[in-house]
Amino acid sequence: DALSTYSNFTIANNTIYGRYTQALDGIRVTAEGTTSNIIIRNNIVVGFSRAPVLMWGDKGGATVDAVAIDHNDFFGNGNSNAYRTITLTPTNVTVANQITTDPLFVNAAAGNFHLNAGSAAIKIGAYGTATP
């Protein structure tokens with residue numbers, strides 16, 4: 001049974017809101033074989049009990065390399081709003097230009113994820129493309 005290989009993918013420009021207590025991870029990267037060149041950028045991730053980003057090695061020998069996590073607002077998440085790993089140690093991970101501030105949604109409970117004036121998440125995003 002061959003292990004899967006994933007490369008060159010971007011998770012960007014999302015609002016991910018953990019509304020229920022069983023919401024564990026905002027973004028989950030599950031590696032079976034070789035996973036590389038991942039960009040996680042310009043996201044708002046709020047309210048996940050385990051972590052805003054989880055990188056998990058699903059099978060023995062899984063690897064994750066070249067990860068860029070930048071220009072995100074991770075607020076109210078487990079693991080002190082930092083990414084977390086389970087059963088693997090990723091290499092070449094860059095974390096930059098993050099904030100951990102309440103994004104001040106207009107009314108998240110009602111599904112209105114627009115940002116109120118004065119939100120620190122306004123204009124923190126990166127423009128253009130980059131590589132990890």
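The values are calculated or read from the model by the stated rules, or taken from the named source; none is laboratory data. Keep in mind it's a predicted model, so treat the numbers as computed, not measured. Cβ placement follows ideal geometry from the backbone for every residue including glycine, while neighbour counts extend to all protein chains displayed. Note: accessible area is taken over every heavy atom of the protein model, side chains too, but ligands, DNA and RNA are not part of it. Shrake-Rupley method; radii C 1.70, N 1.55, O 1.52, S 1.80 Å.
Among the conditions (1) crowded, with 16+ Cβ neighbours inside 10 Å; (2) free of Cβ contacts under 8 Å to residues at least 24 places away in the same chain; (3) over 21 Å from Thr15 (Cβ atoms), the only one that Thr89 does not satisfy is (1).
Consider Asn116 carefully, then state whether it is over 16 Å from Phe9 (Cα atoms), without any contact (Cβ under 8 Å) to a residue 40 or more places away in the chain and out of contact with any Lys or Arg (no Cβ under 9 Å at 6 or more places or on another chain). Here the answer is yes, as Asn116 does meet what is asked. Residue pairs whose Cβ atoms lie under 7 Å apart, sitting 6 or more positions apart in sequence or on different chains, and linking a residue in the stretch 1-22 that is closer than 18 Å to Val53 by Cβ to a partner that is aromatic (Phe, Trp, Tyr), are Thr15/Phe113; Tyr17/Phe113; Gly18/Phe48. In this structure, does Asn72 turn out to be open to solvent by 20 Å² or more (accessible area, probe 1.4 Å), touching a residue at least 24 places away in the same chain (Cβ under 8 Å) and not charged (D, E, K, R)? No. Within the stretch 51-69, the set of residues being farther than 20 Å from Thr10 by Cβ and either free of Cβ contacts under 8 Å to residues at least 12 places away in the same chain or surrounded by fewer than 17 Cβ atoms within 10 Å (Cβ to Cβ) (or both) comprises Asp58, Lys59, Gly60, Gly61.
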